Amino acid sequence: VGGGRGDVALITLTTDFGLSDPFVGIMKGVIASRAASVVVVDVTHGIPPQGVLVGALVLQQAAPYFPRGTVHVGVVDPGVGTARRPLCIETAAGCFVGPDNGVLSLAAEAAGIRRVVELTEERFFLPHRSATFHGRDIFAPVAAALATGTSPDALGRECGELERVALPAPRTVDGIVHGEIVYVDHFGNLLSNLTPEVFPTGPFAVSLGDVRVVALSTAYAAAAPGAVLAVVSSFGLLEIAVRDGSARDALGLGPGTPVQLIPR
Amino acid sequence: VGGGRGDVALITLTTDFGLSDPFVGIMKGVIASRAASVVVVDVTHGIPPQGVLVGALVLQQAAPYFPRGTVHVGVVDPGVGTARRPLCIETAAGCFVGPDNGVLSLAAEAAGIRRVVELTEERFFLPHRSATFHGRDIFAPVAAALATGTSPDALGRECGELERVALPAPRTVDGIVHGEIVYVDHFGNLLSNLTPEVFPTGPFAVSLGDVRVVALSTAYAAAAPGAVLAVVSSFGLLEIAVRDGSARDALGLGPGTPVQLIPR
Amino acid sequence: VGGGRGDVALITLTTDFGLSDPFVGIMKGVIASRAASVVVVDVTHGIPPQGVLVGALVLQQAAPYFPRGTVHVGVVDPGVGTARRPLCIETAAGCFVGPDNGVLSLAAEAAGIRRVVELTEERFFLPHRSATFHGRDIFAPVAAALATGTSPDALGRECGELERVALPAPRTVDGIVHGEIVYVDHFGNLLSNLTPEVFPTGPFAVSLGDVRVVALSTAYAAAAPGAVLAVVSSFGLLEIAVRDGSARDALGLGPGTPVQLIPR
């Protein structure tokens, strides 16, 4: 941890804190005070408030693009200040630090979990702790400790299990694949829970709401301007988009909308 | 200044510039051009436009979490281009750079003011200066100079006074503490000007608008889902929140709303 | 390229990706994986979706404030996944990397184009490429290669031409200068395509919509609170603003609004 890429250690931050308050800046101040030469990268602070599953999905998507040994902090934490445990999950790719509510689970499982440590060693925390901002008081200083060479061992006691979240599972009934929209991005693109592995083997149409898209596009601009299209997104998920527009706004659809893949 | 933490100098930025324009990126370009190895950390650029008091409060909250010797730039500057003075305030914690309109005053006072210098030495500014963007033309290059070892002395002439702002002061009348909402965060939490020091000594209820909260909670999740609750926030201020929701939206309240603490 | 400022190489990012998704963080992960000690600076990710001309204007404004040798990545890319070419444009100021749709053209022309290279050497790309996110798959890794010393030569084949965009040109008819609003900033300030070079030689009034401003102000605060004013903005463009307010909201005007400068 903290090694594997020369002399630069890296910490990423994924939260629902937004950018209008000083919360993220304060976490970076805590890290800089304890790990002056560590580089901090924002994955995003735009997770919907209390959106644990979206946070888990985003961290799972982003983590593989960072160097081995990166410390990933994920804080979507509606249970802050209660008995939910603070964790460090050590994986083959690096450590994940945050609350034990599932927000770290998808990324950590994908990376290969080696060890789950409950953060109990308070000497790594800030001396005064609030009941509402453990990103500042616990997770930032612990990430700084990891990035400067502290072993996960030293941070607390190994514990067997962790809370997990999961995307809804696709179902195939009579050859029709059933999924749903699970994420809407900045462009208004609608991302489903359907990966190419579950696509029908032959040609198929995509159906959602009142919309039927007859074939996958190879790119946004392969469709006519304003047309609804389906592509495999950069997340590896089937995505419904509108060329040069917002599918969310044009179709009035969002998370939870059922999607079917219908063989033709 | 610029020392105290090994070989990494740090500049923070707190502004009302938002992130949709290149303003912040341009300030970082100016700093990188003059102080290549300095690390720049955004506190926030989401201060409400022309919100000098909010900017002052945010900088006061954030600055103590940064290492000694950090250079803090605060630019909420409706008077840019007029006779208001550009300042460097030297404190025990580091230097504060920005306009003399109060935006630096709360943080600098809390850190312990040593010296107030009016920035008059134009050789530290950009050669061509606009009347609308002194963040780029004056404050960024001056911060770069400080972070690379220039003494505040060299930047101009010492001046005695600075403009100050203050939160409205709480009042206690007949045992009831009167305050008001002064800040609303990204989650819609309503922060008051009331610190534990002014709380009634015994148990008390919190009253604001039509809402009465009978006791302080120890954490957001200690309340029932959807319930209104009161906690001491991470800023050390009494905060009114809604469990897993937005108090601003649920209650329709915002800055200026009176808050009373009523002994029970 | 990548040199010229001691041992710190710099990459800037200008996109329409927003900050709510992990797209920008993922690009930084790709860069960190390949160029650990390079500093990445966000110019902005708030370009309007598919806003190639605005992206080009913003990058043109920002690039001159960065050190020589900076690698500027500009990704506003509605044609991603189609035949539009990925480019590296070498200039006297540094390299510009992005799609060949004009988004790089204003900045690169202003900096002095030396060479235009089509990115064809796939060994510099990520091994698996999507059809929707070349910021991650092509432009980030190519920028990392440039910032660590790879010559533009090595990235592909020189090509003669590039797509260009341009602001609408001002016209002068019977002594009246005709322009239009081309950009609206975070404060609601309305920026026109009119530079001081095209202003009438004597005193003039500014007219847009139903509004007539009789003289240029020297600063925002030189006007009365709430008053409409005109200034030369920090971009060097005539700007219409409202003192301590938003001209966009107060006047209900935006991009495309005609502006006239009328000699008095």
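The values are calculated or read from the model by the stated rules, or taken from the named source; none is laboratory data. It should be emphasised that the depicted structure is a prediction, and the values quoted were computed from it without experimental measurement. Glycine also receives a Cβ, built like all others from the backbone with ideal geometry; neighbour counts cover every protein chain displayed. Remember, those area values only see protein heavy atoms, side chains included, never the ligands or the DNA or RNA. Shrake-Rupley method; radii C 1.70, N 1.55, O 1.52, S 1.80 Å.
Some notes on this structure:
- When chain B is described by a simple charge dipole with +1 on each Lys and Arg Cβ and -1 on each Asp and Glu Cβ, the residue from B:T82, B:S20, B:G94 located farthest towards its positive end is B:G94.
- Degrees, to the nearest 10: A:23-34 long Cα axis against longest axis of chain A: 40
- The relative contact order of chain B comes to 16 percent, based on Cα pairs under 8 Å that sit 6 or more residues apart.
- With the label put 7 angstrom out from Cα along the Cα-to-Cβ vector, B:R212 ends up 6.1, 6.1 nm from the copy partners, going from closest to farthest.
- Candidates B:L104, B:L253, B:L119: whichever shows maximal mean-square fluctuation once chain B is modelled as a Gaussian network with Cα springs under 10 Å: B:L253
- C-alpha long axis of helix C:52-62 to longest principal axis of chain C, angle in °: 90
- Heavy atoms of B:E158: accessible area, 1.4 Å probe, square angstrom to 10: 120
- Within 10 Å of the Cβ of each residue in B:229-240, the mean number of Cβ atoms contributed by other protein chains is 3.
- Three-way shape label, the stretch B:1-158, alpha-carbon gyration tensor, a/c 1.5: rounded
- Pair C:A110, C:R212: separation of 7 Å Cα→Cβ label points (nm): 3.4
- GNM top mover of C:P170, C:P196, C:P67 - chain C, alpha-carbon springs below 10 Å: C:P196
- Electrostatic bookkeeping for B:I262 treats Lys and Arg as +1 and Asp and Glu as -1; over the other residues with beta carbon under 11 Å from its beta carbon, the sum is +1.
- Magnitude of the charge dipole, the stretch A:91-220, Cβ model with Lys/Arg +1 and Asp/Glu -1, debye to 20: 180
- Per residue Cα convex hull volume in Å³ - calculated over the stretch C:103-218: 199
- Highest-fluctuation residue, A:P99, A:P127, A:P152 considered, GNM on chain A with Cα pairs under 10 Å: A:P127
- Per residue, the Cα convex hull of the stretch A:112-154 amounts to 87 Å³.
- Spin-label model distance (nm) - B:R68 vs A:A169, 7 Å beyond Cα toward Cβ: 5.8
- P(r) tail fraction, the stretch C:78-153 - alpha-carbon pairs more than 18 Å apart, %: 35
- Under the shape rule built on the C-alpha gyration tensor, where the axes satisfy a ≥ b ≥ c, the protein assembly as shown is rounded, since a/c falls short of 1.5.
- With coordinates expressed along the principal axes, the C-alpha atoms belonging to the stretch A:1-77 extend over 35, 26, 15 Å, beginning with the largest.
- Trypsin sites (Lys or Arg not before Pro) within the stretch C:1-106: DSSP coil, no more than 15 neighbouring Cβ in 10 Å: C:R68
- Largest to smallest principal axis extent of the C-alpha atoms in chain C, angstrom: 61, 39, 37
- All other residues whose Cβ lies under 10 angstrom from that of B:G226 are scored, Lys and Arg at +1 and Asp and Glu at -1, for a net of 0.
- Formal net charge of residues neighbouring C:A111 (Cβ-Cβ distance under 15 Å; K, R +1; D, E -1): +2
- Equivalent ellipsoid semi-axes, the stretch C:196-238, via Cα gyration tensor eigenvalues times 5, rooted, Å: 17, 14, 10
- Global form of the stretch A:171-264, assessed from the alpha-carbon gyration tensor, a/c cut-off 1.5: prolate
- Panel values: the stretch A:67-121, Kirkwood radius from alpha carbon pairs, Stokes-Einstein at 4 °C and 1.567 mPa s, translational diffusion coefficient 116 µm²/s.
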